[in-house]
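Undergrad: Encoded as structure tokens, here's the structure I'll be asking about.
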Amino acid sequence: MSRGLAFSRQVAPLRHARRVLSTTLSVTVLAAGLGIGLAAPARADMFPDNEARRAILDLRSQLTQNQQSTQNQLAQQAQQIQQIRNSLLDLSTQIEQMRSEMAQLRGKQDAATQQLNDALGKLQTSQQQLTQRLKPLEPVQVQINGQSYTVQPAEKAAFEQAVATFRNGDFAGSATQLKAFLAQYPSSPYDADAQYWLANAQYAQKQYKDAIATFQGLIQNSPNNPRLPEAMLGLANCQIEVRQIAAARKTLNTLVQTYPQSEAAQAGRDRLAKLK
């Protein structure tokens with residue numbers, strides 16, 4: 001609205017000058033048609049309105065200035081547009097670089113993940129192998145004469161092997177293994193049973209005096225062992241073999257009195273009857 005009003009004010013003097021010029025030309029043409037000569041002073045007065053000229057010149061100057069200002073604005077806008085384009089191009093380049101870097105990082109991450117999985121797989125395999133190697137060395141629970149004990153796998157295997165050797169009839173081999181077992185595992189929960197089988201292996205080889213010593217050690221050191229009645233019967237048998245009749249009778253009487261309901265006590269009664 002303000003620009004239009006200013007423009008109208010600028011154009012008004014021009015319109016006035018045009019009207020003055022048109023009127024002057026009409027008068028001149030009319031005078032020529034009537035044959036009226038105009039004096040020189042009259043011609044000098046045909047363009048008395050200098051204000052109109054100045055208005056035209058001012059208008060032209062303002063138009064020129066407006067055109068120049070518009071061109072400058074367009075040039076600035078073009079420069080700004082070019083700057084925006086350059087910024088967008090730079091941004092697009094940065095985005096593309098970021099995408100490339102992200103792709104590289106993703107590839108590295110995938111590779112690292114695969115390496116980690118491989119390492120975890122190797123670690124799991126190593127742990128399994130270590131567990132298998134340590135398993136023979138881990139303590140195991142065993143039942144010995146109705147009670148639970150914790151023993152080493154090698155300890156258990158050595159005792160069972162010695163007993164198996166005895167049951168296979170190799171009394172000498174069994175005695176050797178049992179002696180080695182008692183020396184290697186002096187505090188083993190198998191100790192009383194090992195002495196029992198060793199005494200029997202010695203008795204089977206007619207090593208009666210050795211068997212007597214082994215049976216007596218078992219009876220003295222393990223008074224609550226469930227094999228004690230059988231050990232006392234075995235001791236009496238060895239004493240009879242070496243003609244220690246009084247000692248044998250004493251051993252059998254103790255067996256019958258202490259364990260009257262045992263099978264060994266019944267066998268001991270039979271031995272006593274024969275000794276009389």
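Undergrad: Using each residue's phi in the stretch 237-244, evaluate 6.51 cos²θ - 1.76 cosθ + 1.60 at θ = phi - 60° and report the 3J(HN,Hα) Karplus result to the nearest Hz, with x for Gly and Pro.
TA: Using θ = phi - 60°, the values come out as 4, 5, 5, 5, 4, 9, 6, 9 Hz.
Undergrad: Leaving out ligands and nucleic acids, note down the accessible area per residue over the stretch 61-100 with a 1.4 angstrom probe, in whole Å².
TA: Counting only protein heavy atoms, the per-residue value for the stretch 61-100 is 90 Å².
Undergrad: Would you work out what percent of the accessible area of the stretch 177-276, with all protein chains in place, is carbon or sulfur (probe 1.4 Å)?
TA: 47
Undergrad: Moving on. Amide H to amide H, which residues 5 or more places from GLN207 or on other chains are under 5 Å from it, using H placed in the peptide plane?
TA: HN-HN under 5 Å from GLN207: empty list.
Undergrad: Please list, by residue number, every one of the trypsin sites (Lys or Arg not before Pro) in the stretch 181-269 that is coil in DSSP and has at most 12 other beta-carbon atoms within 10 Å.
TA: Loop-located and lightly packed - LYS206, ARG243.
Undergrad: Now, a different point. Using alpha-carbon pairs under 8 Å, 6+ residues apart, how would you state the relative contact order of the stretch 199-276 in percent?
TA: 24
Undergrad: Explain nothing, just compute: Karplus ³J(HN,Hα) = 6.51 cos²θ - 1.76 cosθ + 1.60, θ = phi - 60°, for every residue of the stretch 213-218 in order, whole Hz, x for Gly and Pro.
TA: For the stretch 213-218, the Karplus curve yields 5, 5, 4, 5, x, 4 Hz.
Undergrad: List the extent of the Cα atoms of the stretch 158-249 along each of their three principal axes, largest first, rounded to whole Å.
TA: The Cα atoms of the stretch 158-249 stretch 38, 28, 19 Å along their principal axes.
Undergrad: Work out Dmax and Rg for the stretch 70-164 from the C-alpha atoms and quote the Rg first, both in angstrom.
TA: In Å, with Rg to one decimal and Dmax whole: 36.8, 117.
Undergrad: A follow-up question, please. Would you kindly derive the ³J(HN,Hα) couplings of the stretch 185-191 from the backbone phi angles with the Karplus curve 6.51 cos²θ - 1.76 cosθ + 1.60 (θ = phi - 60°), listing them in order in whole Hz, with x for Gly and Pro?
TA: 10, x, 10, 5, x, 7, 4
Undergrad: List the residues, sorted by chain then number, that are 5 or more residues from ILE144 or on another chain and whose placed amide H is less than 5 Å from its amide H.
TA: So ILE144 has HN proximity to TYR149.
The values are calculated or read from the model by the stated rules, or taken from the named source; none is laboratory data. Treat the numbers as computed from the prediction; the structure is a model and nothing was measured. For neighbour counting, all protein chains shown are included, and Cβ atoms are generated from backbone atoms with ideal geometry for every residue, glycine included. For accessibility, only protein heavy atoms count, side chains too; no ligands or nucleic acids. Shrake-Rupley method; radii C 1.70, N 1.55, O 1.52, S 1.80 Å.
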